[in-house]
1. Would you call ILE111 hydrophobic (A, V, I, L, M, F, W, C), crowded, with 16+ Cβ neighbours inside 10 Å and under 30 Å from GLN19 (Cβ atoms)?
2. Between residues in the range 100-124 that are polar (S, T, N, Q) and residues that are part of a loop (DSSP other than H, G, I, E, B), which pairs lie under 6 Å by C-beta distance while being six or more apart or on different chains?
3. Do the conditions hold for ASP41, that is, is it over 30 Å from LEU4 (Cα atoms), among the acidic types (Asp, Glu), modelled with pLDDT under 90 and surrounded by fewer than 16 Cβ atoms within 10 Å (Cβ to Cβ)?
4. Can you confirm whether GLY10 is outside the structural domain of GLU149 (by TED's automatic domain parsing), under 30 Å from GLY136 (Cβ atoms) and in contact with a helix residue (DSSP H, G or I) (Cβ under 8 Å, 6 or more places away or on another chain)?
5. For the range 116-140, how many residues are within 19 Å of ARG73 (Cβ to Cβ) and either surrounded by 14 or more Cβ atoms within 10 Å (Cβ to Cβ) or not assigned by TED's automatic domain parsing to the domain that holds GLU151 (or both)?
6. For the range 96-153, which fully contained strands (runs of 3 or more DSSP E) count at least 2 residues that are more than 16 Å from the chain's Cα centre (by Cα)?
7. Among the β-branched types (Val, Ile, Thr), surrounded by fewer than 18 Cβ atoms within 10 Å (Cβ to Cβ) and not assigned by TED's automatic domain parsing to the domain that holds GLN23: which single residue out of THR104, THR91 fits that description?
Amino acid sequence: MSGLPITVAGAERLREELQRLKQVERPAVIDAIAQARGHGDLSENAEYDAARERQAFVEGRIAELDHALSHARVIDPTELDSGGLIVFGATVEIEDLDTEEKVTYQIVGDIEADIRQNRISVSSPVARALIGRTEGDVVEVNTPAGPKEYEIVALRYE
């Protein structure tokens, strides 16, 4: 199987963002450009320049999302026979053995990774260390600050 792995929820979030960009953001940018053109000389029109920059961003993001979704391989971790092992899409609670700090991550595709939402890329060092492991295992992750050890506290598939 080929394609970029993505979770069911991640694919839905990307589809919603794409729809919003096409139906809300794109028309708003077009209106902003039209209004800025009405202000006269485009060579010294900051509003026009800002609207064109916004348009470039919106169109670039639309292209990125279209490409990602057309090449995506949607994976539902609840349907995988993982045998209790950590696989793509799993949500894992780990504990730093030095600080005893616990954190929960979901292992997701590159396009949907968002550390602020505790969704880490399957290609990240932490995810690579966790894949194929199970609850109770201790894993070592090489970080910029040096190696860290984590214990896998809990595992679930959502």
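The values are calculated or read from the model by the stated rules, or taken from the named source; none is laboratory data. Everything numeric here is computed off the predicted structure, so don't read it as measured data. Ideal geometry is used to build each Cβ from the backbone, glycine not excepted, and the neighbour counts take in all protein chains shown.
1. yes
2. Here the result reads THR104/ASN118; SER121/ALA113, each pair linking the range 100-124 to a residue that is part of a loop (DSSP other than H, G, I, E, B).
3. Criteria met by ASP41.
4. Judged against the criteria, GLY10 is a match.
5. 8
6. In the range 96-153, the matching strands (runs of 3 or more DSSP E) lie at 102-108, 138-143.
7. THR104
Results for (1) part of a helix (DSSP H, G or I); (2) of a type in the set (D, E, K, R); (3) under 29 Å from PRO125 (Cα atoms), shown as yes or no for each residue.
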site: PRO27; (1), (2), (3): yes, no, no
site: ASP31; (1), (2), (3): yes, yes, no
site: GLY60; (1), (2), (3): yes, no, yes
site: ASP66; (1), (2), (3): yes, yes, yes
site: LEU69; (1), (2), (3): yes, no, yes
site: VAL74; (1), (2), (3): no, no, yes
site: ASP81; (1), (2), (3): no, yes, yes
site: PHE88; (1), (2), (3): no, no, yes
